[in-house]
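Structure, as C-alpha cells:
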Protein chains: 2
Amino acid sequence: MHSFTEENYIKAIYKLLESGDETISTNAIAEKMRTKAASVTDMLKKLAAKKLINYQKYQGVSLTGKGEKIALNIIRKHRLWEMFLVEKFNFKWDEVHDVAEQLEHIQSDKLIEELDKFLNYPKTDPHGDPIPDAKGKLLVRKSKSLSQFRVNDVCIMTGVVDHSPAFLQYLDKTGFQLGNEIKIKDSVEFDKSLQIIVSKKNTFFISYDVAKNILVILK
Amino acid sequence: MHSFTEENYIKAIYKLLESGDETISTNAIAEKMRTKAASVTDMLKKLAAKKLINYQKYQGVSLTGKGEKIALNIIRKHRLWEMFLVEKFNFKWDEVHDVAEQLEHIQSDKLIEELDKFLNYPKTDPHGDPIPDAKGKLLVRKSKSLSQFRVNDVCIMTGVVDHSPAFLQYLDKTGFQLGNEIKIKDSVEFDKSLQIIVSKKNTFFISYDVAKNILVILK
DNA sequence: ATAAATTTTTAGACTAATCTAAATTTTATT
DNA sequence: AATAAAATTTAGATTAGTCTAAAAATTTAT
Ligand SMILES: [Mn+2]
Ligand SMILES: [Mn+2]
Ligand SMILES: [Mn+2]
Ligand SMILES: [Mn+2]
C-alpha cells in the first residue's frame, strides 16, 4: 500500500495543517521529519503523483481527501495503541509514544477493530487527545490552554500540548492527572506564572511555560 | 539495530537449519525468501560482516550464537503475538500469521515482557509450536507425525507441520483441535490413508498427506 | 579425469529514500 | 523597481535491497 516513510510524511503534514494554515511549507515538513528540504521536495512529488497531497512547486502543500483519510487512520491506530499500552500493559503515559510510532504502521483492519472493541471504544488517548473513529471522524476539542484563564477560574485538565517524556514526568511528579480540577488562585503579572489549587487540595506555583502546555476546559 | 529485511533473513536461515543440516544453501534461502540467489549472496555478506552468520563463499551458511539469539527472539515475538491474537482478539488460528509477521518486528523489551505476562507465560502458540523464553531457551518437542503410528495406537494431537490457512481450515471443518485424542482404527496399505477416531466420537478417513501434517504424541 | 550440469558469486543496473551543493523562484528590503 | 535574503527545487551522489546476465566454482556424470 504505502511505505512507512510515506505514512510518516502524511502524518507530519496532517499535524502541521492542524495549526490552521491553508498550506504548509517544505521547510516546516523538513523540520518536523528531521530531514532536509531537498528530501521533502522529492517526497512531495511522489505523494502528489499518488494524489495524497495538493502540491504545486513553490506554492506549499495541503492534503487531499484521500491523504487526510490516511492520516486520520494512522492517528487512530497510534492513539488506540497508546491507550492499549497504558490500560492493559502497565505503560506510563510518557513511555507509550515510541512504541506506538511503530505499531501505528501495522496493517490489519480486523486487528484495529478488535483493539477498539477490547478497549471499549475509547474517545481519547492517554494524553487526552481524541481518537478518530473508524470512518475517520474526529471530535474537535474545545479545550484551551490553562494560561488563557484568570484568577478564580475553575477548570478541568483535559490534555497536554507538549507530549515529551520530560514534561509528562514533571506532571506526574507534581501530581497532575487528566480530569483533575484546577483553580487559579493567583497570577503574577511580571512573568505570567500562576498559583493554582489542584483537586481542592494541593497548591502549586507553575510557570507560564507550564501553564501554556496544560489543556483545560472551564468547569 | 537490524532492519526488517535482515531480521527476516536471519529467521529464514534459522528455520532452514531446523531441518538438521549443518549448513544451508544460498538457493534454499532464496526460495524461502522468495527472492533471487544473487540478492541472497549480497545479504549473506552483510550478515557475515555483522557476525550473525558463519559464511564462506560457496560453502553454505549457519548462524552464529549471536544470530541464533536474534532468530529465537523474533520467533518468540511472532508466537506470543499469534497467541495474543487468538486468545484476546478473536482471531482464528488460520488468520494470525500475516499480522504476526508484522508484529514480530516491533522493538520494545517492555512490550514483550508485558505481552508474555498478559498471556500468563504460554508455552506454545496456537499451532502448538513452542515459544522460546526470554533467554532464548526453546523446548524441543518430541511430537511425531501421525503417519508414523500404527493401528490401535492412541495419540494426542499437539501440533501441525503445514501452517497454511487451507490446511488449518480443513482441520477446523473436520473438527480437529490441539489436545484431541486420536485413535488409529485402520490403515490402508495401498495409499497409506488412515481411518481414525477423534475424541472417542467421530470416525474419519484421512489421506497420508493429511496424516503427515498432523503432529501427535503417544497417549 | 574430463566434461557437463548445477550452484554460487560478481558485475552492472534499478528504485526508494536520503544527502550536499548549486540553481531557481519567491519574498522582503531598500 | 531593483536588489538582497530566504525558501524551494534541481542536479548529482550514496545506501539498502533488489534484479538480470555473465563469470567462476563446485558437484555430478561420463
Ligand atoms: Mn504519541
Ligand atoms: Mn497520545
Ligand atoms: Mn506464524
Ligand atoms: Mn504459529
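Tabulated data for the structure shown
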read-out	value
Other-copy label distances relative to A:Ser207, 7 angstrom Cα-Cβ extension, nm	7.3
Residues of the range A:154-177 with amide N under 20 Å of a point placed 7 Å along Cα→Cβ from B:Lys110	A:160-177
Nm distances between copies for A:His2, ranked from closest, using label points 7 Å along Cα→Cβ	3.0
0 to 90° range, to nearest 10: angle between helix B:37-49 axis and chain B longest Cα axis	60 degrees
Coordinate range along principal axes, alpha carbons of the range A:17-171, Å, largest first	48, 46, 27
Distance between the range A:1-69 and the range A:178-206 - C-alpha centres, whole angstrom	39 Å
Helix-derived mean residue ellipticity, 222 nm - over chain A, DSSP H n ≥ 4, -39500 (n - 2.57), to 500	-12500 deg cm²/dmol
Å² of accessible area per residue within the range A:4-63, as computed with a 1.4 Å probe and no ligands counted	61 Å²
Distance violations [Cα-Cα > 32 Å] among B:Lys92/B:Lys185; B:Lys45/B:Lys144; A:Lys11/A:Lys185; A:Lys50/A:Lys77; A:Lys50/A:Lys110	B:Lys45/B:Lys144; A:Lys11/A:Lys185
Segment A:Asp209-A:Lys50, length gained on full extension (0.36 nm per residue, minus Cα span)	53.2 nm
From phi via Karplus (6.51, -1.76, 1.60), per-residue ³J(HN,Hα) for the range B:114-125 in Hz, x at Gly/Pro	5, 4, 4, 4, 4, 8, 6, 6, x, 8, 9, 8
Potential extension, A:Glu87-A:Gln177 segment - 0.36 nm per residue separation minus Cα distance	30.9 nm
Length added when fully stretched, B:Val161-B:Lys137, from 0.36 nm per residue minus Cα-Cα	6.5 nm
For the range B:168-211, Kirkwood radius (reciprocal of mean inverse C-alpha pair distance, Å)	10.8 Å
Label-zone membership for the range A:14-32, site A:Gln59, 7 angstrom Cα→C-beta point, backbone N under 18 Å	A:21-27
Tilt relative to chain B, helix B:65-88 - C-alpha long axis, 0 to 90 degrees, to 10	50 degrees
R0 of 41 Å, Cβ-Cβ distance B:His2-A:Leu218: FRET efficiency to nearest 0.05	0.20
The range B:201-216 - phi-based ³J(HN,Hα) in whole Hz, Karplus 6.51/-1.76/1.60, Gly and Pro as x	10, 9, 9, 10, 9, 10, 6, 4, 4, 5, 4, 4, 8, 9, 9, 9
Cβ-defined net charge surrounding B:Lys66, 15 Å radius [Lys, Arg +1; Asp, Glu -1]	+3
Label geometry 7 Å along the beta-carbon vector: B:Glu189 inter-copy distances in nm	10.9
Probe 1.4 Å - accessible area at B:Tyr170, Å² to nearest ten	70 Å²
Sum of side-chain charges, A:Phe167 neighbourhood, beta-carbon under 12 Å (Lys, Arg +1; Asp, Glu -1)	-2
Average partner coverage of B:101-114, which counts Cβ from other chains inside 10 Å	4
Total formal charge among the other residues, if their Cβ is under 13 angstrom from that of B:Ser187, Lys/Arg +1 and Asp/Glu -1	0
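The values are calculated or read from the model by the stated rules, or taken from the named source; none is laboratory data. Every value quoted in this text rests on a predicted model; they were computed, and no experiment measured them. Quick reminder, even Gly has a Cβ in these numbers, built from the backbone with ideal geometry, and neighbours come from all protein chains shown. These area figures cover heavy atoms from the full protein model, side chains too; ligands, DNA and RNA do not enter into them. Shrake-Rupley method; radii C 1.70, N 1.55, O 1.52, S 1.80 Å.
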